[in-house]
1. Filter region B:41-65 down to residues that are more than 14 Å from chain A (Cβ to nearest Cβ) and open to solvent by 50 Å² or more (accessible area, probe 1.4 Å) and give me whichever is nearest to residue A:40 (Cα to Cα).
2. Select from region A:28-60 the residues that are farther than 28 Å from residue B:106 by Cβ and more than 12 Å from chain B (Cβ to nearest Cβ) and list them in ascending order.
3. I'm trying to understand the selection: among the residues of region B:4-40, which are more than 10 Å from chain A (Cβ to nearest Cβ), in a loop (DSSP other than H, G, I, E, B) and either among the small types (Gly, Ala, Ser) or on the phi > 0 side of the Ramachandran plot (or both)?
4. Within region A:60-97, which residues are within 12 Å of the chain's Cα centre (by Cα) and closer than 14 Å to residue A:4 by Cα?
5. Which condition does residue A:16 not pass, out of (1) under 21 Å from residue B:102 (Cα atoms); (2) among the small types (Gly, Ala, Ser); (3) open to solvent by 30 Å² or more (accessible area, probe 1.4 Å), if it passes all the others?
6. Does region A:61-75 include one or more residues that are farther than 18 Å from residue A:17 by Cβ, touching a Phe, Trp or Tyr at 6+ places or on another chain (Cβ under 7 Å) and within 9 Å of another protein chain (Cβ to nearest Cβ)?
7. Looking only at region A:1-53, which residues are under 16 Å from residue A:84 (Cβ atoms) and in a loop (DSSP other than H, G, I, E, B)?
Amino acid sequence: DVKVTQSSRYLVKRTGEKVFLECVQDMDHENMFWYRQDPGLGLRLIYFSYDVKMKEKGDIPEGYSVSREKKERFSLILESASTNQTSMYLCASSPWDRRSGDGYTFGSGTRLTVV
Amino acid sequence: SQQGEEDPQALSIQEGENATMNCSYKTSINNLQWYRQNSGRGLVHLILIRSNEREKHSGRLRVTLDTSKKSSSLLITASRAADTASYFCATVLSGGYQKVTFGTGTKLQVIP
């Protein structure tokens, strides 16, 4: 069964900590994405990557960085965690071919709390 | 601001009834997708409709797209308690990379 795996389901970190959220996909997808989801705001795109070592800013990249050293892994980094980064973080992947009818495949999410 | 906006924000129906959710968007799209999210989990892709298509079916799901009105609807027929979830529309814009923009979702409750 193909899937996107996020390393942690729940995470509690302290303000100022550097936080790594890991995402791995086994579908050989070119595109990978990080979203955060907050009540009333829906899903907002933080960063995405369309190839190894490539990254593009999404709508809310401030306070975040990403790393894609291998095709299957896309990491989200909170350089210095703050309480306003408490959120549900969702990773997704998709094939490059926009003619695909499959849409995105999402991980189960990481609920991050910054205290 | 969000590209897609769902309506209504919340919907409560009895099991067996049909549920209709609507989505409006602002700019030209390549395709529009619908996703389901069970409480606290990741999103699951339901169906994709391209800009040159007007209607698509998948099981109990029926999606329509009206590009002149920049709107789409998702119909779930003969709803079941297991359909209780949040439903999101998502748009992929014409041109550029395959970046998907999500709406804020419709929360559907199906009462047994």
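The values are calculated or read from the model by the stated rules, or taken from the named source; none is laboratory data. Everything numeric here is computed off the predicted structure, so don't read it as measured data. In this analysis, Cβ positions are derived from the backbone assuming ideal geometry, glycine residues included, and neighbour counts consider all displayed protein chains. Heads up: the accessible areas ignore ligands, DNA and RNA and are worked out on the full protein's heavy atoms, side chains in. Shrake-Rupley method; radii C 1.70, N 1.55, O 1.52, S 1.80 Å.
1. Here the residue is B:62.
2. Initial filter on region A:28-60 (farther than 28 Å from residue B:106 by Cβ): A:28, A:30, A:49-57.
Selection gives A:28, A:52, A:53.
3. Scanning region B:4-40 gives B:16, B:28, B:39.
4. A:73, A:74, A:75, A:89, A:90, A:91, A:92, A:93
5. Condition not satisfied by residue A:16: (1).
6. no
7. A:14, A:15, A:16, A:17, A:39, A:40, A:41 - these are the residues of region A:1-53 that are under 16 Å from residue A:84 (Cβ atoms) and in a loop (DSSP other than H, G, I, E, B).
Each row is one residue, and each column tells you yes or no for (1) out of contact with any Gly (no Cβ under 6 Å at 6 or more places or on another chain); (2) surrounded by fewer than 18 Cβ atoms within 10 Å (Cβ to Cβ); (3) touching a residue at least 40 places away in the same chain (Cβ under 8 Å).
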{"site": "A:47", "(1), (2), (3)": "no, no, no"}
{"site": "A:60", "(1), (2), (3)": "yes, yes, no"}
{"site": "A:67", "(1), (2), (3)": "yes, yes, no"}
{"site": "A:82", "(1), (2), (3)": "yes, yes, yes"}
{"site": "A:104", "(1), (2), (3)": "yes, no, yes"}
